[in-house]
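The block underneath contains the structure these notes are about, expressed in structure tokens.
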Amino acid sequence: MKRLYLLRHGKSGWENPDLNDFQRPLTERGRSDVPLIGRYMADKGYNPDRVLCSTSVRTQETWELVEPELPKTDRDVRFSNRLYLAIPEQVMSQVQNTSDESRALLVIGHNPGMQESAMGFSKSRSSEHYRKIEDVFPSAGLAVLQFSVDNWEDAFAGAGELIDFYTPKDF
């Protein structure tokens, strides 16, 4: 079994017009929502052993706020330029190229890539979680998919069971 967590970065803003999109930080709301998602993950036993994070400022800040809420463990954290505004095919490629030693992978990225990836990986189009994701994948939204595979390369479109979708509004 492999478990995939897809996390959209926390709420970010355009308060500073001198910053480009890549440099945008989290807003105050983003900084308060993200630790709640981390606590939710910890409470549910969602503990990634590997993290792939976009290199944008807001995604890195998201990881920095999620990490302290998770159980302490020796996890492999990697930052990837390929995840910045990645389309689902790029997200899927990153997932499929993950070492099979990893059993639980957290990907922190952007929309629409996180939303479309969660929908694309899911085999059930009629679940309550799928319908919620189809409507909106808000900032700090977390989709959890489970794959009945031994190798990440077998985690392909339509192969995952969407077992959870949680957002800051669910608190």
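Where a number appears in this text, it was derived from the coordinates with a stated rule and is not lab data. All values derive from a computational prediction rather than experimental measurement.
Summary of values
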read-out	value
Largest-first principal axis extents of the Cα set of the chain (Å)	45, 35, 30
Derived scalar couplings ³J(HN,Hα) [the range 117-131; Karplus, 6.51 cos²θ - 1.76 cosθ + 1.60; whole Hz; x for Gly, Pro]	5, 4, 5, x, 6, 6, 8, 9, 9, 10, 6, 4, 4, 4, 4
The range 1-56 versus the range 117-167: alpha-carbon centroid distance in Å	17
For the chain: lysine pairs under 27 Å (alpha-carbon distance), excluding those fewer than 8 apart on one chain	16
Tensor-based shape of the range 1-71 (alpha-carbon gyration tensor, a/c under 1.5 rounded, otherwise prolate or oblate)	prolate
Helical contribution to [θ] at 222 nm, DSSP H n ≥ 4, -39,500 (n - 2.57), averaged over the chain, rounded to 500	-9500 deg cm²/dmol
Listed residues 126, 102, 12, most fluctuating in the chain (Gaussian network, C-alpha, under 10 Å)	126
